[in-house]
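The values are calculated or read from the model by the stated rules, or taken from the named source; none is laboratory data. A quick note: this is a predicted structure, and the numbers were derived from the prediction, not measured. Here the Cβ positions follow ideal geometry from the backbone for every residue, glycine too, while neighbour counts run over all protein chains shown. Ligands, DNA and RNA are stripped out before the accessible areas are found, and what is left, the full protein with its side chains, is counted by its heavy atoms. Shrake-Rupley method; radii C 1.70, N 1.55, O 1.52, S 1.80 Å.
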Amino acid sequence: MSLFKALKRHPISDRQRALTHRIAALVLAHPDERLLADLPMLRQAAEELPDPPRTDLLGVIAWLASTPPPELAETYVGTFDLHRRSCLHLTYYAHGDTRNRGAALLSFSNAYRRAGFLLDEDELPDHLCVVLEFAATVDPAGGTRLLNRYRAGLELLHLALRDADSPYTGAVTAINATLPPKTDRIDDKVARLVAEGPPAEEVGLAPFPPPQTRSVHS
């Protein structure tokens, strides 16, 4: 079954999918003052969603609202910036820091360019918040296609967050709830990557610093 036939049979509507992607993009961004000020609005928007993904997103929002800002910043950096196992760059899981990853990044950039979606110079196009923003506000079909193409990476991110008992787990659970059910092929990819890790290459890309993304398209 094709991706879009599967989505048509999905219980979540196109509008609800876009809203889920938009909220998830925001709560997975660095917890700055603007995000914290927007939490009541995000909570109200999440209440409109079906369950799932409503409860998952509300849990993340409640944690953000009840946690002191210094602790939020420390948790964010410790979760996403210091551990590759839970990085937010989707192509890393499949390609590591290899030349193949460069080609994968180009496929994201080309999809954005065709849709007129421009990134700042310090943004990498495979950052999950960027992909979600693209799917929510510019090209739902193209963005969902990118998310599903790198579904194994999303599943690995979800596993890492779940194993760490991270409060961000619900955001990725919510994203997965907008996508078609996993296939055996995806499960096989996840199992292989869990066992082997991302590929390595003697001539690869330089290790990448996770970019800040929230200020660009929010």
(1) more than 15 Å from A171 (Cα to Cα); (2) surrounded by fewer than 18 Cβ atoms within 10 Å (Cβ to Cβ) all hold for P52 apart from (1)
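Test L128 against the stated conditions and say whether it is at pLDDT 95 or above and either crowded, with 20+ Cβ neighbours inside 10 Å or β-branched (V, I, T) (or both).
Working: at pLDDT 95 or above: yes; either crowded, with 20+ Cβ neighbours inside 10 Å or β-branched (V, I, T) (or both): yes.
When the stated conditions are applied, L128 passes them.
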Result of the Cβ filter at 6 Å on the stretch 142-161, keeping first residues that are modelled with pLDDT of 90 or more and of a type in the set (S, T, N, Q) and partners that are assigned to a helix (DSSP H, G or I) and open to solvent by less than 10 Å² (accessible area, probe 1.4 Å), at least 6 apart or interchain, is T144/A135
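Limited to the stretch 63-76, what total is found for residues that are among the aliphatic types (A, V, I, L, M) and open to solvent by 50 Å² or more (accessible area, probe 1.4 Å)?
From the stretch 63-76, those among the aliphatic types (A, V, I, L, M) are 64-65, 72-73; that's our starting set.
Narrowing further to those that are open to solvent by 50 Å² or more (accessible area, probe 1.4 Å): 65.
Final tally of qualifying residues: 1.
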Of the residues in the stretch 78-91 that are in contact (Cβ under 8 Å) with a residue 12 or more places away in the chain and open to solvent by less than 30 Å² (accessible area, probe 1.4 Å), the one that is farthest from the chain's Cα centre (by Cα) is T79
Considering only helices (runs of 4 or more DSSP H) wholly within the stretch 19-90, the ones with at least 2 residues that are modelled with pLDDT of 95 or more and under 24 Å from Y150 (Cα atoms) are 54-66
Of T144, T183, T137, the only residue that is within 21 Å of L19 (Cα to Cα), hydroxyl-bearing (S, T, Y) and open to solvent by 50 Å² or more (accessible area, probe 1.4 Å) is T137
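Give the residue, chosen from R22, R43, that is open to solvent by 40 Å² or more (accessible area, probe 1.4 Å) and within 17 Å of the chain's Cα centre (by Cα). Steps first, please.
Numbers: R43 fails: within 17 Å of the chain's Cα centre (by Cα).
After applying the criteria, what remains is R22.
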Checked pairs for the stretch 95-119, first closer than 14 Å to G143 by Cα and in a helix (DSSP H, G or I), second among the acidic types (D, E) and open to solvent by 20 Å² or more (accessible area, probe 1.4 Å), C-beta under 8 Å and 6 or more apart or across chains, list as A111/D139; A115/D139
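I want to confirm something. Restricting to the stretch 107-121 and keeping residues that are over 14 Å from R149 (Cα atoms) and in contact with a Ser or Thr (Cβ under 9 Å, 6 or more places away or on another chain), which single residue is surrounded by the fewest Cβ atoms within 10 Å (Cβ to Cβ)?
As a first pass, look at the stretch 107-121 and keep what is over 14 Å from R149 (Cα atoms): 109-110, 112-121.
Filter once more, keeping what is in contact with a Ser or Thr (Cβ under 9 Å, 6 or more places away or on another chain): 117, 119-120.
Values: F117: 19, L119: 19, D120: 12.
Once the filter is applied, the top-ranked residue is D120.
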Of the residues in the stretch 147-175, those that are surrounded by fewer than 19 Cβ atoms within 10 Å (Cβ to Cβ) and in contact with a His (Cβ under 9 Å, 6 or more places away or on another chain) number 1
